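Shown next, in structure tokens, is the structure this report addresses.
The values are calculated or read from the model by the stated rules, or taken from the named source; none is laboratory data. Small disclaimer: the values here were computed from a predicted structure and weren't measured. Note: ideal-geometry Cβ built from the backbone for every residue, glycine included; neighbour counts use all protein chains shown. The area values use the complete protein model at the heavy-atom level, side chains included, leaving out ligands, DNA and RNA. Shrake-Rupley method; radii C 1.70, N 1.55, O 1.52, S 1.80 Å.
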Amino acid sequence: QSLTQPVTPDLLVSPSSQDGDLGSECPEDRGNWTGRLDFLLSCIGYCVGLGNVWRFPYRAYTNGGGAFLVPYFIMLAICGIPIFFMELSLGQFSSLGPLAVWKISPLFKGVGMGTILIVSLVAIYYNMIIAYVLFYLFASLTSDLPWQHCGNWWNTELCLDHHVIKAGNNSLPVNISNTVSPSEEYWSRYVLHIQGSSGIGDPGRIRWNLCLCLLLSWTIVYLCILKGVKSSGKVVYFTATFPYLILVMLLIRGVTLEGAWKGIQFYLTPQFDHLLSSKVWIEAALQIFYSLGVGFGGLLTFASYNTFHQNIYRDTFIVTLGNAITSILAGFAIFSVLGYMSQELGVPVNQVAKAGPGLAFVVYPQAMTMLPLSPFWSFLFFFMLLTLGLDSQFAFMETIVTAVTDEFPYYLRPKKASFSAVICIALFLMGLILTTEGGMYWLVLLDDYSAGFGLMVVVITTCLVVTRVYGMKRFCRDIHMMLGFKPGPYFRACWMVLSPATMMALLVYNIVKYQPSEYGNYRFPTWAEVLGILMGVLSCLMIPMGMVVAVLQEEGTLWERVQQASRPAMDWGPSLEENRTGMYVASLAGSQSPKPLMVHMRKYGGITSYENTAIQVDREMEEDDEEESM
């Protein structure tokens, strides 16, 4: 009976006989951004994170002050902007997450698996940092900050209160080299209670107050990503913009303090002799690499929820340059306060300047105690860190959830909220070791190894696959079809040569200059080092493992299998039928028309500027084929 009924190819069906709304630009079941600014603010929130506040200012001052901005902006142009644009283009063109996007070349699907492993490890410890921020946020809700004075049960005889120094009017020079500030003892002896652990192999007891903070931070993250980009896209209107308001307040307060200029001078005085050192250029490239979040899959995931013709070219420059300016601005806010603090303590700025958690949880809180209304400024500072951290965490979680649901859309998409809950609970349980007395050692290990050389291998491979295996011409055609213009020689030169070469140099430098992890005076044992290296290697091993699986699924000789597996899958291309113009029309299921583009235009009415582009792309392809045959 079914044979007697004629089957109309999908492309020849008239629009009126289709159930779906053809006007919609995004796959309905997958979800998409609901507002015009959702995508842009999510990208800004994702890129502008804790690193802008606690890594960039310190990196700048240790690598030549104002002179550091020269390699920083050069590396942004060579490494940052091109790879950022490539990731957005891949996501928007295919509307797929970081795993399914490898339909572009199924042989390299392992790259997507490596990305997910890296992001999962980072999400575990990044949320622990947010938990510390929440701890300090609650501790600031008092009239007297708990890290203001010595004399608490957690303080030792080495504790020296700066208020006592000031009261003594500095008549005698105070030797502070063998003393510890109250804020440092509060952080290590009260918050972490690190004296209860002898090292990474002896985690000690769980700190229940930290455990509850971690549970709260996971609850906040889950509630914000509950409905995917529909809910997180609205939360970022607050979390991506509010830090700027606080940063400006801290900046104004900072530069009006006595001695602030001393700190700013220290931060910005250019030392051009540093530019001759390769270390400075590597540091600049690393700062760009981690600050923009390339390779983590977050950019690709966010772009996959865009409409097909969204102008990501413009968005790339807004986000990357905005991120750089925020880093520089944060440096002024931090160093103006450090200058004031060094004047108060009567020590040089370089003795109070620190990076990473040491700046956020020791030095800056100590500086807050020297200000009038100290709890208010402390609350503001930690609230800024909370909002900076949260939207980066949303991106990590959205990446994991999107990647897996795109792989199993029929099973998981209807249950996305439940699946997100399962992922959050699993990562919370894995992160419990970070809430123990020795948890800081595990956090340092994860921070040093989870996204080190593994992440660089992932980005280098992605760059090479897109330009060499898929083909630069083809990739530029896809962008032409999507945006209406081809990327210029600057982008092509960076994708082909400059970006992969710079990252190879980074990778080699990281391996050659490898240093074992340490926390303060504690050196990690060999087994912990090996565990860390395995974390990095495992994400790299995903690539050959994925290759083996892809080759086994094909038929023919080994070389034929490799060739077949490296070609794009049949359904690779724009996810929506109305966007599949040019060469992609013929690959649609049910497309039997000899003139697929003409049918496509009859179905969707008229020739738009993008369809004009598609005709152009088709002509170019025919000319290329003729050239090759000649």
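Using a 1.4 Å probe and counting only protein heavy atoms, arrange 278, 217 so the residue with the most accessible area comes first.
Details: 278 75, 217 0 Å².
The ordering from most to least exposed comes out as 278, 217.
How high is the relative contact order of the chain, in percent, with contacts defined as C-alpha pairs under 8 Å that are six or more residues apart? Relative contact order comes out at 31 percent.
Would you mind getting the accessible area per residue of the chain, heavy atoms of the protein chains only, 1.4 Å probe, in Å²? Can you show the working numbers first?
Details: 26600 Å² over 630 residues.
For the chain, the per-residue accessible area is 42 Å².
If the label point is 7 Å along Cα→Cβ of residue 103, which residues in region 381-409 have backbone nitrogen under 13 Å from it? Residues passing the 13 Å test: 406-409.
PRE reach from residue 576 (point 7 Å along Cα→Cβ): which of region 77-96 fall under 16 Å by backbone N? So the set is 91-96.
List, in the order given, every pair from 109/486; 262/354; 109/415; 103/227; 109/234; 109/230 whose Cα-Cα distance in the structure shown is over 21 Å. Check vs 21 Å cut-off fails for 109/486; 109/415; 103/227; 109/234; 109/230.
Between residue 157 and residue 383, the modelled labels are 4.3 nm apart [label points 7 Å from Cα along Cα→Cβ]. Of the whole protein surface, residue 502 contributes about 30 Å² of accessible area at a 1.4 Å probe radius. Only protein heavy atoms count here; under a 1.4 Å probe, residue 447 has an accessible surface of about 50 Å². Each residue, residue 512 and residue 530, gets one label point 7 Å from its Cα in the Cβ direction; the gap between the two is 2.8 nm. Exposed loop sites here are GluC sites (Glu not before Pro) assigned a DSSP state other than H, G, I, E or B and surrounded by at most 10 other beta carbons within 10 Å; excluding them, the longest clear run of the chain is 259-554.
Between rounded, prolate and oblate, where does region 518-585 land on the alpha carbon gyration tensor, with a ≥ b ≥ c its root eigenvalues, rounded for a/c under 1.5, else prolate if a/b exceeds b/c? Oblate. The 3J(HN,Hα) values that the Karplus relation (6.51, -1.76, 1.60; θ = phi - 60°) gives for region 203-211 are, in residue order, x, x, 7, 6, 8, 5, 5, 5, 4 Hz. Gly and Pro appear as x. Between residue 421 and residue 317, full extension at 0.36 nm per residue minus the direct alpha carbon distance yields a gain of 34.0 nm.
When 197, 418 are compared by accessible area at a 1.4 angstrom probe, the order from most to least is 418, 197. Around the amide H of residue 180, modelled in the peptide plane, lie the amide H atoms of 159, 160, all under 5 Å away and 5 or more residues distant in sequence or on another chain. Derived scalar couplings between HN and Hα for region 36-52 equal 5, 9, 3, 5, 4, 5, 5, 5, 5, x, 5, 6, 7, x, 5, x, 5 Hz in order, rounded to whole Hz, by the Karplus curve 6.51 cos²θ - 1.76 cosθ + 1.60 (θ = phi - 60°), x for Gly and Pro. Which values of log₁₀ I(q)/I(0), to two decimal places, follow from the Debye formula for the chain at q = 0.07, 0.09 Å⁻¹ with a uniform point scatterer at every Cα? The computed values of log10 I(q)/I(0) come out as -0.49, -0.77.
Using a ≥ b ≥ c from the Cα gyration tensor of region 184-260 (square roots of the eigenvalues), is it rounded, prolate or oblate, where a/c under 1.5 gives rounded and otherwise the larger of a/b and b/c decides, a/b for prolate? Kindly include the intermediate steps, with their values, before the conclusion.
Details: a/c = 3.94, a/b = 1.18, b/c = 3.35.
The shape class here is oblate.
Shown for the chain: the carbon plus sulfur share of the solvent-accessible area, taken with all protein chains present and a 1.4 angstrom probe, equals 64%. Rolling a 1.4 Å probe over the protein chains gives residue 90 an accessible area of about 10 Å². Projecting the Cα atoms of 49, 149, 98 onto the dipole axis of region 36-171, where Lys and Arg carry +1 and Asp and Glu carry -1 at the beta carbon, places 98 farthest toward the positive end.
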